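A short worksheet on the structure shown next.
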Amino acid sequence: MSKEIDWQAASLTDLTNHISNVHHALLYRKLPLISALLNESFRELWMKHPSMVKAHQLYHEMQANLLQHLMVEETAGFPLIQASEKDKTISLDRFTSTLGDHEKAHANVLAALAEIRGLLWDFSPPAEFGATIAHCVKELDAIEKDLKTHIHLENDILFKRVA
């Protein structure tokens, strides 16, 4: 039985490492898979289901923006937070001045996924559409759920602790 970690009390280094190693790693694994599944589904279904065109476009825009956002966090924000935890003279102003941008990026990702969900039959496509789209929406549902936890850890815990 695993014990829940109190992220309010954990070190910022442990929290940022957890976000990177668990939540970011999941996205790096799943986003290309979903892209491939969505591309295949798009080829098969877009003529019969024009909503696939918008879902395909939204997903790939969201994916590009999200990957860029993860890299910014991992190469600038998180290393700065970890360094400041070790050396209290290091200012977090460069990071805290961008918190609004991070929160907006998070809101945009969740809004895009909500719109994609609406376009893709609330992630429950009719069975006759086949296994590829069923697998695709199952993966989309999983990353949406994980992103809600991931974003909670950042917006509600990490950002509040460093602000």
Within the range 89-110, tally of residues that are more than 17 Å from Ala76 (Cα to Cα) and of a type in the set (D, E, K, R)
1
Pairs where the first residue, in the range 87-111, is closer than 20 Å to Gln63 by Cα and the second is of a type in the set (Val, Ile, Thr) and surrounded by 14 or more Cβ atoms within 10 Å (Cβ to Cβ), C-beta under 6 Å, 6+ apart
His106/Ile151
Considering only the range 138-153, I want to know if a residue exists there that is under 23 Å from Ala10 (Cα atoms), assigned to a helix (DSSP H, G or I), modelled with pLDDT of 95 or more and β-branched (Val, Ile, Thr).
yes
Going by what's in this entry, would Glu40 be described as more than 16 Å from Glu139 (Cα to Cα), part of a helix (DSSP H, G or I) and not aliphatic (A, V, I, L, M)?
no
Against the condition modelled with pLDDT of 95 or more, over 17 Å from Glu74 (Cα atoms), surrounded by fewer than 20 Cβ atoms within 10 Å (Cβ to Cβ) and among the acidic types (Asp, Glu), how does Glu44 come out, does it pass?
no
With the structure loaded, tell me whether Glu74 is part of a helix (DSSP H, G or I), buried (at least 19 other Cβ atoms within 10 Å of the Cβ), touching a residue at least 12 places away in the same chain (Cβ under 8 Å) and of a type in the set (D, E, K, R) or whether it fails that test.
no
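The values are calculated or read from the model by the stated rules, or taken from the named source; none is laboratory data. These numbers were taken from a predicted model, which means no experiment stands behind them. No Cβ is skipped: glycine too gets one built from the backbone with ideal geometry, and neighbour counts run over all protein chains shown.
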